[in-house]
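Scroll down for the structure; my scribbles are underneath it.
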Amino acid sequence: MNTQELLSGYRFKTPIQVRFKDVDKQGHVNNANHLTYFEISRTDYFKEIFRKTNDWDKTGMILAHTEITYKLPITLEDTIVCFTRVSRFGDKSFDMENVLAAKTAEGYELRAYGKSVLVCMDYVKKQTVSVPAEWIRASNAFEAAVFKDN
């Protein structure tokens, strides 16, 4: 599957500013920064798609698992975009997938992709809780539109 085909399954994207501090001695973004880029896009997704003010001191989510596949280095000169989607909802957890791509004259070039499992938590009770129904509705409505547009 080429990059354009891969990205056809994503509607949400966040521009990522590659900072000088992100770049290592070899001239490319250190691999640990990819998780930060995913987190930036995930947070933007929550703000735009879920559109619900949340009391993060009481309830929220924790990152339970993450995996990344690195395809090509990201450099300081790259114009990077992080594409994000929710790919699965469970009762108390959900999966988010991310693609980091460099914008080029021909479109986008794949740099890395990954998946994260997030678990909803009640921080006061220190226990897992169900994914809020309004999050599921909002995300499903947003994500379903990707298939109408293609």
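Do we have Arg85 as of a type in the set (Lys, Arg), surrounded by 17 or more Cβ atoms within 10 Å (Cβ to Cβ), outside any helix (DSSP H, G or I) and modelled with pLDDT of 90 or more here? Yes: the conditions hold for Arg85.
Being surrounded by 14 or more Cβ atoms within 10 Å (Cβ to Cβ) and in a strand (DSSP E or B) is a description that applies to Ala101. Name the single residue, out of those in the stretch 1-42 being of a type in the set (Phe, Trp, Tyr) and within 19 Å of Thr75 (Cα to Cα), that is modelled with the lowest pLDDT. So, considering only residues that are of a type in the set (Phe, Trp, Tyr) and within 19 Å of Thr75 (Cα to Cα), the one modelled with the lowest pLDDT is Phe20. Scanning the stretch 1-59 for residues that are in contact with a Pro (Cβ under 9 Å, 6 or more places away or on another chain) and among the aromatic types (Phe, Trp, Tyr) turns up just one, Phe50. In this structure, Glu143 does not qualify as touching a residue at least 60 places away in the same chain (Cβ under 8 Å), assigned to a strand (DSSP E or B) and acidic (Asp, Glu). Among the residues of this structure, Asp44 does not count as one that is of a type in the set (D, E, K, R), surrounded by fewer than 18 Cβ atoms within 10 Å (Cβ to Cβ), in contact with a Phe, Trp or Tyr (Cβ under 9 Å, 6 or more places away or on another chain) and not in a helix (DSSP H, G or I). Here is the figure for the stretch 1-22: residues that are of a type outside the set (Ser, Thr, Tyr), over 19 Å from Ser116 (Cβ atoms) and surrounded by fewer than 18 Cβ atoms within 10 Å (Cβ to Cβ) total 9.
Once the stretch 104-146 is narrowed to residues that are buried (at least 17 other Cβ atoms within 10 Å of the Cβ) and of a type in the set (S, T, N, Q), the residue that is modelled with the highest pLDDT is Ser116. Residues satisfying the criterion are present in the stretch 50-60 (criterion: at pLDDT below 95, under 17 Å from the mean Cα position of the chain (by Cα) and part of a strand (DSSP E or B)).
The values are calculated or read from the model by the stated rules, or taken from the named source; none is laboratory data. Note that the structure is predicted; figures quoted are calculated from it, not measured. As a convention, Cβ positions derive from the backbone with ideal geometry for all residues, glycine included, and neighbour counts pool all protein chains shown.
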